[in-house]
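Visitor: One structure follows; several queries about it will come next.
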Amino acid sequence: MATISRLSTPSQAASVSSTLKPRSAQPKILIGFYRSSDFNAKVSSSKLAVRSNPALRGPLVVKCSNADGNGTPVKRTVLHDLYEKEGQSPWYDNLCRPVTDLLPLIASGVRGVTSNPAIFQKAISSSNAYNDQFRELVQSGKDIEAAYWELVVKDIQDACKLFEPIYDQTNAADGYVSVEVSPRLADETKGTVDAAKWLHKVVDRRNVYIKIPATAACVPSIKDVISLGISVNVTLIFSLSRYEAVIDAYLDGLEASGLNDLSKVTSVASFFVSRVDTLIDKKLEKIGTPEALDLRGKAAVAQAALAYKLYQKKFSGPRWEALVKKGAKKQRLLWASTSVKNPAYPDTLYVAPLIGPDTVSTMPDQALQAFIDHGAVSRTIDSNVSEAEGVYSALEKLGIDWSDVGTQLELEGVDSFKKSFDSLLDTLQEKANSLKLVSL
């Protein structure tokens, strides 16, 4: 079996320091680690301070203080280096009211936001910030699901407004906010297309991404939605074969659009990482041999490296060049599920080895705070392709069926989002009842 260097078994994560101190010559941006309950929120035009940050839901608190007056550049963070030096866009995988809590994150280098049904389930069910709007909606005659979508659309619209400057500065290459179609539609091709068209229309923001799952039923939906000129975040990609089908759907959609200018139709392909290791590690532990155990924690990064190799292959050659002449942009790879599930692994395991140009890394609280604190910026995604191929084939030889892994993870992902969606609707119904409002 090939020797694996960079993809060696992860070791215990480094400890997180308590505070990153700014250089005295620069305006203060403190990115510290505190309990959010210790602070109160405060935002103004010259000073941005998030001191109780429900959107972060964890120990990361970003305090931005422009002590030298408006217009002074803020202190650089590793996120700025990630984008400017290596061409990877750091996004935040969370959204909650008030969306102004995103402002310090934008100042620290975050360039986009992703959301999903699980994120909104946590946000809406655990916060009173939605109560007033919810009350007005149901009192006006909206049913529970319609009210849910109004709550979501407002958050997405408000977040899009915050990221518009980035969208404009990059000529529609970055600055997106993603919102997902109903997870109940994961097996419905036409229903997904209709939902995507509706969401795109009601959000009505240039920098919104409509999220569509990469299920077999929805891959044709991706083509149709792209052909309509709607930008798409394709989510729940767990295998190389499904990823290639997603790329083809994007290319087919661009070619079918009939547009002479394709520059404003963009897409990302959300390739999930940590969940791959979670499942394959269990299979390796069941096998139990020294060779199998030595491969734990290596599968996800190896497959991601091969996905990037596929990306480079597919977005080159005559077919792609013909689309480039019409202004087409590559469908960037987006690394999703970047939080570490196994505490024995380094807390930047699914960020640091996946850095490369024309990619996105969307990070929830845990991964974001870890990378800001002690992440290193260098191109890593294609520095060990032969090793990644060695891991991939070694797992196959042990009986790991990558296709089965992808299918199982896709089913689990869709089911998880459906449960979050249904749970939230139940919570909203209970809230309506408690407020003595209408029922379903």
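Visitor: Within the set of pairs 6 or more residues apart or between chains, which connect a residue that is closer than 18 Å to HIS200 by Cα inside region 151-174 to a residue that is of a type outside the set (S, T, N, Q) and surrounded by fewer than 17 Cβ atoms within 10 Å (Cβ to Cβ) with Cβ atoms less than 8 Å apart?
Guide: VAL153/VAL202; GLN157/ASP204; CYS160/ARG206; GLU164/ARG206; TYR167/ARG206; ALA172/ARG206; ALA172/LYS264
Yes/no per residue for (1) at pLDDT below 95; (2) farther than 24 Å from PRO364 by Cα; (3) part of a strand (DSSP E or B); (4) not assigned by TED's automatic domain parsing to the domain that holds GLU387:
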residue	(1), (2), (3), (4)
TYR209	no, no, yes, no
SER221	no, yes, no, no
GLY229	no, yes, no, no
LEU236	no, no, yes, no
ALA245	no, yes, no, no
ASN260	yes, yes, no, no
ALA307	no, no, no, no
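Residues checked against (1) part of a loop (DSSP other than H, G, I, E, B); (2) at pLDDT below 95:
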| residue | (1), (2) |
| --- | --- |
| ASP68 | yes, yes |
| ILE106 | no, no |
| ARG111 | yes, no |
| ASN128 | yes, yes |
| ALA147 | no, no |
| GLU150 | no, no |
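Visitor: Need pairs with beta-carbon distance below 6 Å; first residue on the phi > 0 side of the Ramachandran plot and within region 316-339, second among the aromatic types (Phe, Trp, Tyr); sequence gap 6+ or separate chains.
Guide: Pairs found: SER337/PHE272.
Visitor: What's the number of the only condition in (1) out of contact with any Asp or Glu (no Cβ under 7 Å at 6 or more places or on another chain); (2) over 30 Å from LEU259 (Cα atoms); (3) in a helix (DSSP H, G or I) that THR338 fails to meet?
Guide: In the conditions (1) out of contact with any Asp or Glu (no Cβ under 7 Å at 6 or more places or on another chain); (2) over 30 Å from LEU259 (Cα atoms); (3) in a helix (DSSP H, G or I), THR338 misses (3) alone.
Visitor: Then there's this: If I filter region 262-271 down to residues being under 23 Å from the mean Cα position of the chain (by Cα) and in a loop (DSSP other than H, G, I, E, B), which single residue comes out as nearest to ALA304 (Cα to Cα)?
Guide: Initial filter on region 262-271 (under 23 Å from the mean Cα position of the chain (by Cα)): 263-271.
Cutting the leftovers down to in a loop (DSSP other than H, G, I, E, B) gives us 263-266.
Values: SER263: 27, LYS264: 27, VAL265: 25, THR266: 21 Å.
Checking each candidate, the answer is THR266.
Visitor: Tell me, yes or no, whether region 378-397 has at least one residue that is buried (at least 18 other Cβ atoms within 10 Å of the Cβ), at pLDDT 95 or above and farther than 22 Å from ARG296 by Cα.
Guide: Within region 378-397, the first condition is being buried (at least 18 other Cβ atoms within 10 Å of the Cβ), and the residues that meet it are 380-381, 384, 387-388, 390-392, 394-395.
Within this subset, residues satisfying the condition of being at pLDDT 95 or above are 380-381, 387-388, 390-392, 394-395.
Then keep just the ones that are farther than 22 Å from ARG296 by Cα; that gives none.
No, region 378-397 contains no residue that is buried (at least 18 other Cβ atoms within 10 Å of the Cβ), at pLDDT 95 or above and farther than 22 Å from ARG296 by Cα.
Visitor: So, in region 96-138, of the ones that are within 21 Å of PHE163 (Cβ to Cβ) and of a type in the set (Gly, Ala, Ser), which residue ends up surrounded by the fewest Cβ atoms within 10 Å (Cβ to Cβ)?
Guide: Filtering first and then ranking leaves ALA129.
The values are calculated or read from the model by the stated rules, or taken from the named source; none is laboratory data. Keep in mind the model is a prediction, meaning the values are calculated, not measured. Heads up, the Cβs are rebuilt from the backbone with ideal geometry, glycines too, and the neighbour counts pull from every protein chain shown.
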